[in-house]
Amino acid sequence: MQRKSFDLWVGLFVLLGAAALVFLALKVGNMSALSSGDTYPVVTKFDNIGGLKPRAAVKSAGVVVGRVGSISFDDKTFQALVTLNLESRYKFPKDSSAKILTSGLLGEQYIGLEPGGDTNNLAAGDKIKMTQSAIVLENLISQFLFSKAAEGKENNK
């Protein structure tokens, strides 16, 4: 009798562990916040998207207002073409701006929307013209090193 009870507790513990792993996998893959509501697509162009991925959050004032739908490359302008799927309940002015931000120092990247002042709102298929690309840590470090090297050369003259 005691063996069956022990087996039952072990089985329950294994089931709980499997459920926790599924939960973590969904959380890491940004699948836990699947939105079943209506969305409308908005297109943006960036010079550099860094590590932005499809399904990344689109936030405004810290609130998730949509997700990145798709990322492609425009071979005419040589820019990244990013489609944002914004939830229909959130309306943004046509002159809103988008920038790629990072959660924390080395966290995941997301798109931050800053509303403008236009009286007309974005609609499906509209383009956000004002964008700011991702800040790439390697580029910042190389700029810092080059500026220090140039400073050192000027001081040696």
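The values are calculated or read from the model by the stated rules, or taken from the named source; none is laboratory data. In this text the structure is predicted, and so the values were computed from the model without any measurement. As a convention, Cβ positions derive from the backbone with ideal geometry for all residues, glycine included, and neighbour counts pool all protein chains shown. Accessible surface areas use protein heavy atoms only, side chains included; no ligands, DNA or RNA. Shrake-Rupley method; radii C 1.70, N 1.55, O 1.52, S 1.80 Å.
Around the Cα centre of the chain, unit charges on the Cβ atoms of Lys, Arg, Asp and Glu (plus for the first two, minus for the last two) sum to a dipole of about 300 debye. Quick one: helix 137-155 against the long Cα principal axis of the chain, what's the angle to the nearest 10°, folded into 0 to 90? Helix 137-155 sits roughly 40 degrees off the main axis of the chain. In summary, the lysines within cross-link reach of Lys76, defined as a Cα separation below 27 angstrom excluding same-chain residues under 8 places away, comprise Lys45, Lys53, Lys94, Lys99, Lys127, Lys129.
Using the Kirkwood radius built from alpha carbon pairs, what does the Stokes-Einstein equation give as D for region 53-146 at 4 °C and 1.567 mPa s, in µm² per second? Mind showing how you got there, number by number?
On the way: Rh = 14.4 Å.
This corresponds to a translational diffusion coefficient of 90 µm²/s.
Using a 1.4 Å probe over the heavy atoms of the protein chains, calculate the carbon and sulfur portion of the accessible area of the chain as a whole percent. It would help to have the intermediate numbers written out before the result.
Values: 6780 of 11000 Å².
Here it works out to 62 percent.
Extents of the chain, largest first, come to 87, 54, 31 Å (Cα atoms, principal axes, whole angstrom). From its DSSP helices (H runs of at least four residues, each -39,500 (n - 2.57)), the chain gives a residue-normalised ellipticity at 222 nm of -10500 deg cm²/dmol. Accessible surface comparison of Ile49, Ile141, Ile111, probe 1.4 Å, protein chains only, largest first: the order is Ile141, Ile49, Ile111. Based on Cα contacts under 8 Å between residues 6+ apart, the chain shows a relative contact order of 23 percent.
In the context of the full set of protein chains, residues of the chain present 70 Å² of accessible surface per residue (probe radius 1.4 Å, heavy atoms only). Positive-end ranking of Val64, Ile128, Leu21 along the dipole of the chain, with charges on Cβ about the Cα centre, is headed by Leu21.
On a full-extension model of 0.36 nm per residue, what is the gain between Ser70 and Leu8, subtracting their alpha-carbon distance, rounded to one decimal in nm? Write out the running numbers ahead of the final one.
Numbers: separation 62, 0.36 × 62 = 22.32 nm, distance 4.58 nm.
Full extension of this stretch gives 17.7 nm more.
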